[in-house]
């Protein structure tokens, strides 16, 4: 089954872990080299966490933020243009120098079609730089699927489920025929601060990975589901003496550079 988010994003809950979510974006940005003329697009920009870094790095270029969430776009600052659009269907008016996507493409299906489509918008020397969580096998995300299917089999069936994010090797092999590719994976050991209620890992996933599950549950069901999830997390991520928890988090990165003019914006 596929999981989609029905309700709009909560910018406040998402921004609580801005520092942890920003570091991978900065690591990705550090690997982007020279660019041809053109705009910089922050695809799936959210609340604009990366806008400042992009604007500083590429001063003088038009910075465009694209996102499907009105609430997130309302909070986003620092863009010359903000566009509300489904990023799966988005296409630029003119070939951008850089399409930058921080933790957004994992929400979209069919990456073997999506990524070639995105790089097809780039001019010669244009760059696609993307970072996505690859956490689906970790307890933080696996427990969501296992508990939901056990407690609510009428609404959740993951027997044919396929992980939305592939390996770095897979992305390299898919994009190498189209240009130059860098691809790698990094596991960040995140220290999550103590929380007043529940487990620290649940506080982190509650604004992202957990949302599609809660969308399908009533208030009472959501409370039971959350309790079971907290208990499972306690065993997988033991609390430190101060109540914090360590959460290893794996992310996959790719930087693609077009080596011939294949832009398709007509």
Residues that are assigned to a loop (DSSP other than H, G, I, E, B) and in contact (Cβ under 8 Å) with a residue 60 or more places away in the chain, drawn from the range 164-180: 165, 166, 167
Quickly run through the range 34-53 and pick out the residues that are outside any loop (DSSP other than H, G, I, E, B), under 20 Å from residue 84 (Cβ atoms) and either out of contact with any helix residue (DSSP H, G or I) (no Cβ under 7 Å at 6 or more places or on another chain) or at pLDDT below 95 (or both). 41, 43, 51
Spot the failing condition for residue 8; the list is (1) more than 17 Å from residue 107 (Cα to Cα); (2) touching a helix residue (DSSP H, G or I) at 6+ places or on another chain (Cβ under 8 Å); (3) modelled with pLDDT under 95, and only one is missed. (1)
Any residue at all in the range 106-122 that's surrounded by 19 or more Cβ atoms within 10 Å (Cβ to Cβ), within 26 Å of residue 65 (Cβ to Cβ) and more than 19 Å from the chain's Cα centre (by Cα)? yes
Note on the range 126-163: residues outside any helix (DSSP H, G or I), touching a residue at least 60 places away in the same chain (Cβ under 8 Å) and out of contact with any strand residue (DSSP E or B) (no Cβ under 9 Å at 6 or more places or on another chain) are 152, 155, 156, 157, 158, 160, 161
Just one listed residue, out of 213, 204, is farther than 30 Å from residue 120 by Cβ, in a helix (DSSP H, G or I) and at pLDDT 95 or above, and it is 213
Kindly evaluate residue 63 against the criterion of being over 27 Å from residue 207 (Cα atoms) and either crowded, with 21+ Cβ neighbours inside 10 Å or in contact with a helix residue (DSSP H, G or I) (Cβ under 6 Å, 6 or more places away or on another chain) (or both). no
Residue 93 meets each of (1) over 21 Å from residue 132 (Cα atoms); (2) in a loop (DSSP other than H, G, I, E, B); (3) in contact with a strand residue (DSSP E or B) (Cβ under 9 Å, 6 or more places away or on another chain) with one exception, condition (3)
Take the range 196-227 and flag every residue that is more than 24 Å from residue 155 (Cβ to Cβ) and free of Cβ contacts under 8 Å to residues at least 40 places away in the same chain. 196, 197
Just the residues that are under 19 Å from residue 129 (Cβ atoms) and not in a loop (DSSP other than H, G, I, E, B), please, taken from the range 57-80. 57, 63, 64, 65, 66, 67
Might you let me know whether the range 163-185 holds any residue that is at pLDDT below 95 and either within 21 Å of residue 252 (Cα to Cα) or in contact with a helix residue (DSSP H, G or I) (Cβ under 8 Å, 6 or more places away or on another chain) (or both)? yes
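The values are calculated or read from the model by the stated rules, or taken from the named source; none is laboratory data. Since the model is a prediction, treat every value here as computed from it, not as a measurement. In this analysis, Cβ positions are derived from the backbone assuming ideal geometry, glycine residues included, and neighbour counts consider all displayed protein chains.
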